[in-house]
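Only the coordinates and a few stated rules stand behind these numbers; no lab work does. Since we're looking at a predicted model, the values are computed, not measured. Counting neighbours? That spans all protein chains shown, and the Cβs are built from the backbone with ideal geometry, glycine included.
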Amino acid sequence: MKATPEFDRFNPEIAVFFAELSKNNSKEWFDANRKFYEKEIKDKSKLFIGEMGKRFSGNNLRYISDPKISMFRINRDIRFSKNKEPYKTNLGFWFPYGNDVLSFAKKPLPGIYFHFSNEESFIACGIHTPESADLKKIRAALANDFERFESIIGNKKFKAAFPKEMTEESVTRVQGYTKDHPAFNYIAKKEHAFFIDTPIDSLFSPDLPEILVEKAKASDELHNFLYTAITD
């Protein structure tokens, strides 16, 4: 019986693949290079996600690592886009927080996200563009327990792990809340996401799984706060 291969690291030639794809973003070029994509990106990504699942479990971390959710299709959705290039030139992995995330797979959830392209690489946490009903619940949680939220994002370990905040435009008014509420600056936000820039070659480091585990640990309390707000 053939042993299941284990993840070691991503092939640095992936950077070359995406650089060439950026210059030749067409089905013809992609089909000619499909074998590399299937072996070094798609198949290796599945091994990586499996490895992350084992590491999350081994550290008692409530993050889902599942190819159906954690991987993104390389095909772009060009139906409503002016950009008609058929393929993405970046690689991303998403590990949502919670024990039953498969039930919520079609909605934005808090979690860890790793992004690679030849232009940028970063690791993000928190929740990006939550649904309106969930945003309302998060706002209520912020209003009711802002001291806890403030202590989470003000924690030295968290700030070192995620020193930057993603800044989507805030609203000026939120029904039910006044501007003098101590949490209003966060209540007015449409997302609660934080990130850290990483070296472009982070994808190819054999330490990538452990780096993501440490980021998951650092953001675990934030994700618990957001996930509890949404699911309660």
Single residue of Asn185, Asn155, Asn144 found to be in contact with an Asp or Glu (Cβ under 9 Å, 6 or more places away or on another chain) and among the polar types (S, T, N, Q)
Asn155
Per the list (1) closer than 27 Å to Leu91 by Cβ; (2) loosely packed, with under 15 Cβ neighbours inside 10 Å, residue check on Asn144 breaks on (1)
Just give me the residues in the stretch 39-64 being under 18 Å from Glu221 (Cα atoms) and out of contact with any helix residue (DSSP H, G or I) (no Cβ under 9 Å at 6 or more places or on another chain), in sequence order.
Ser57, Asn60
Considering residues of the stretch 43-91 that are basic (Lys, Arg) and touching a residue at least 24 places away in the same chain (Cβ under 8 Å) only, the residue surrounded by the fewest Cβ atoms within 10 Å (Cβ to Cβ):
Lys68
Those residues of the stretch 46-62 which are out of contact with any Ser or Thr (no Cβ under 8 Å at 6 or more places or on another chain), closer than 17 Å to Asn11 by Cα and not charged (D, E, K, R) amount to Leu47, Phe48
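crowded, with 16+ Cβ neighbours inside 10 Å, under 24 Å from Gly111 (Cα atoms), in contact (Cβ under 8 Å) with a residue 40 or more places away in the chain and not basic (Lys, Arg): does that describe Ile14?
Spelling it out, it is not the case that Ile14 is crowded, with 16+ Cβ neighbours inside 10 Å, under 24 Å from Gly111 (Cα atoms), in contact (Cβ under 8 Å) with a residue 40 or more places away in the chain and not basic (Lys, Arg).
Could you list, in sequence order, the residues of the stretch 163-209 that are of a type in the set (Asp, Glu) and part of a loop (DSSP other than H, G, I, E, B)?
If we filter the stretch 163-209 for residues that are of a type in the set (Asp, Glu), which is where we start, we get 165, 168-169, 180, 191, 197, 201, 207.
Residues satisfying the conditions are Glu168, Glu169, Asp180, Glu191, Asp207.
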With criteria (1) surrounded by 13 or more Cβ atoms within 10 Å (Cβ to Cβ); (2) within 21 Å of the chain's Cα centre (by Cα); (3) more than 14 Å from Leu222 (Cβ to Cβ), Cys125 comes up short on (3)
Can you pull out every residue in the stretch 177-219 that is touching a residue at least 24 places away in the same chain (Cβ under 8 Å), farther than 25 Å from Asn90 by Cα and either touching a Ser or Thr at 6+ places or on another chain (Cβ under 6 Å) or loosely packed, with under 12 Cβ neighbours inside 10 Å (or both)?
none
